[in-house]
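Peer 1: Next up is a structure, given as C-alpha cells.
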Amino acid sequence: MIVGITGHQRRRGIDREWVAVTVRTQLEALGGIEGALSSLAAGADQIFAAVALDLNIPATAVLPMSGYARFLRGRDLARYQDLLPRCKQVVLEGGGRPNDAFLAAGKYIVDHCDLLFAVWDGLPAGAMGGTGDVVAYARQIGRRVVHLNPVDRAVTTSAVVVPTDC
C-alpha cells in the first residue's frame, strides 16, 4: 500500500503535536505500507514525511518544480533540507504559475497512492491548489481518504467511491 498526504501548511488552531501523534497512530494501525508520498511543504506534509521515515516507511518527495525550496523559509526550510536527502525524489515540470504546480503535485500524489491522508479543516481551499482542491480531486476519482481534522481533532475515513464517469 502506498499512502500520500495533503494538508494545511499554516492555519490558526492546529495542534501540530496532535497531527504528528495521530498520523503515527494511523500509519502504525495500517501496517504493510510500502511507501509514502509527500511534497514536503511546510506543516502537515513535513510532519507526515518525518513520521513515515521514523517508522522506516520509504518516502518519496513529490516536488512541484525544481527550485521548490525557494517557497520555504526558516524552520520550514530547515526541515525540508533535513527530509529531502532521506527521500526518493520526483520533480515535476512545474511550468506556469506556482499554484498550478502545487495542484499538479497534489494530483500526482492522489494518482499514485492507495490511501490519501488529508490534514484539513474541511473548508474550501484558500488558494488554487490548496488542500481542499486536492481532497476534491481525490473524492472525484474515488480515492479513499483519511480525514484528520486538526481543528476538531477528529479522524474519519471515507469509503471508496466509484466515479460515475467510468
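The values are calculated or read from the model by the stated rules, or taken from the named source; none is laboratory data. Not measured: the values here are computed from a predicted model. The accessibility values were calculated without ligands, DNA or RNA, using every heavy atom of the protein model including side chains. Shrake-Rupley method; radii C 1.70, N 1.55, O 1.52, S 1.80 Å.
Peer 1: When a/c reaches 1.5 or more, the comparison of a/b and b/c decides; with that in mind, is region 94-147 rounded, prolate or oblate per its Cα gyration tensor?
Peer 2: oblate
Peer 1: HN-Hα J couplings of region 20-25 from phi, Karplus 6.51/-1.76/1.60, θ = phi - 60°, integer Hz, Gly and Pro as x?
Peer 2: 4, 5, 5, 4, 4, 4
Peer 1: Ok, one more. Solvent-accessible area per residue for the chain at a 1.4 Å probe radius, Å²?
Peer 2: That works out to 50 Å² for each residue.
Peer 1: Report in % the part of the accessible area of region 1-138 that belongs to carbon and sulfur, leaving out ligands and nucleic acids; probe 1.4 Å.
Peer 2: Reported share for carbon and sulfur atoms: 51 percent.
Peer 1: Related question: Suppose accessible area is computed on protein heavy atoms with a 1.4 Å probe; arrange ARG79, ARG70 from highest to lowest.
Peer 2: Order by accessible area, largest first: ARG70, ARG79.
Peer 1: Considering every Cα-Cα pair within region 1-136, what fraction, in whole percent, is farther apart than 22 Å?
Peer 2: Cα-Cα pairs in region 1-136 separated by more than 22 Å: 29 percent.
Peer 1: Checking a compactness column here: for region 12-87, what do you get for Rg(Cα) / (2.2 N^0.38 Å), N being the number of residues?
Peer 2: In units of the 2.2 N^0.38 Å rule of thumb, it is 1.09.
Peer 1: With springs only between Cα atoms under 10 Å apart, run a GNM on the chain and tell me which of ALA154, ALA101, ALA44 wobbles the most.
Peer 2: ALA154
Peer 1: Would you kindly give the portion of the calculated P(r) for region 62-166 that falls above 25 Å, as a percent of all Cα pairs?
Peer 2: Every Cα pair in region 62-166 considered, those over 25 Å come to 26 percent.
Peer 1: Would you mind telling me which residue in ARG144, ARG16, ARG97 has the biggest mean-square fluctuation in a Gaussian network model of the chain, where springs connect alpha carbons within a distance under 10 angstrom?
Peer 2: Comparing ARG144, ARG16, ARG97 in a Gaussian network model of the chain, the most mobile one is ARG97.
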